[in-house]
Structures are given as structure tokens and as C-alpha cells.
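One structure below.
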Amino acid sequence: VQLQASGGGLVQAGGSLSLSCSASGSALSTNIMGWYRQTPGAERELVAVISRGGVTTYGNSVQGRFTISRDSGENTVHLQMTTLKPEDTAVYYCNARPLTAASGWWGQGTQVTVSS
């Protein structure tokens, strides 16, 4: 599975950004797709994931501000980020995995920087 992410960049606090990720691979391998993020010295944390059936899970810190969606029947997911905060600054990684897998495949990472 190969993942290609796009979007991100620099925005002021309170602003919005979007990320997209497209995956090659089978429907089984990409059942769950989504985003994680990481800052230097910290562990990678969940941002949001979505199943092929549309079930979503969000990290506590982004609940209500970020929205993940998935193109119907496709291996493309979108993350709409609103009301961004400086603490959202991180490298965001796209991930795809089978339904019952603990891990999976990772994209190259894209930087999101929120200035105060």
C-alpha cells in the first residue's frame, strides 16, 4: 500500500486547513484510513480515522473541530481542520490498515503549523 498526502501548511490560530490522502491497495488493506500526528519527543497520537463504512473515531483534543470524510467507495480521505490552535502544530501522517490490524501503512508526513 502506498499513501500520498497533500495539504497542510501554515495558518494563524483560529484558521482552517485541510489534508487529503489517497491510497493504493486493496479494499481489505485500506479498510481503516485516517490521520495521526507527532511532535518532537512525543508519541504519535490519533487525530481521526474512518472506516470504509463511514464509522469515525476522533482524538479527544480535536473532537468538534476536525472532520474526517471519505470518498464513497474510494481510498481517499479528507481531514477538514477548523478552529486551529498552536498545539495542533505537528507532522501529520496518513495511515491505512485492515480492519483488525493494529498497525498498517504510513504516508510520508505533512507539516501543519499554527501560529499564535
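The values are calculated or read from the model by the stated rules, or taken from the named source; none is laboratory data. In this text, all values refer to a predicted model and were calculated from it rather than measured experimentally. Using ideal geometry, Cβ is built from the backbone for each residue, glycine included, and neighbour counts are taken over all protein chains shown. Surface accessibility is based on the protein's heavy atoms, side chains included, excluding ligands, DNA and RNA. Shrake-Rupley method; radii C 1.70, N 1.55, O 1.52, S 1.80 Å.
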Only unsatisfied item for Val62, checking (1) loosely packed, with under 15 Cβ neighbours inside 10 Å; (2) at pLDDT 95 or above, is (1)
For the range 19-55 the number of residues that are of a type outside the set (D, E, K, R) and surrounded by 14 or more Cβ atoms within 10 Å (Cβ to Cβ) is 21
Scanning the range 80-116 residue by residue, those open to solvent by less than 40 Å² (accessible area, probe 1.4 Å), within 22 Å of Arg52 (Cα to Cα) and of a type in the set (A, V, I, L, M, F, W, C) turn out to be Met81, Cys94, Ala96, Ala101
Do we have any residue at all in the range 67-77 that's without any contact (Cβ under 8 Å) to a residue 24 or more places away in the chain, within 21 Å of Val11 (Cα to Cα) and surrounded by 13 or more Cβ atoms within 10 Å (Cβ to Cβ)? yes
Output for Cβ contacts, cut-off 7 Å, separation at least six or different chains, first residue at pLDDT 95 or above in the range 43-56, second of a type in the set (Lys, Arg) and open to solvent by 20 Å² or more (accessible area, probe 1.4 Å), reads Ile50/Arg70
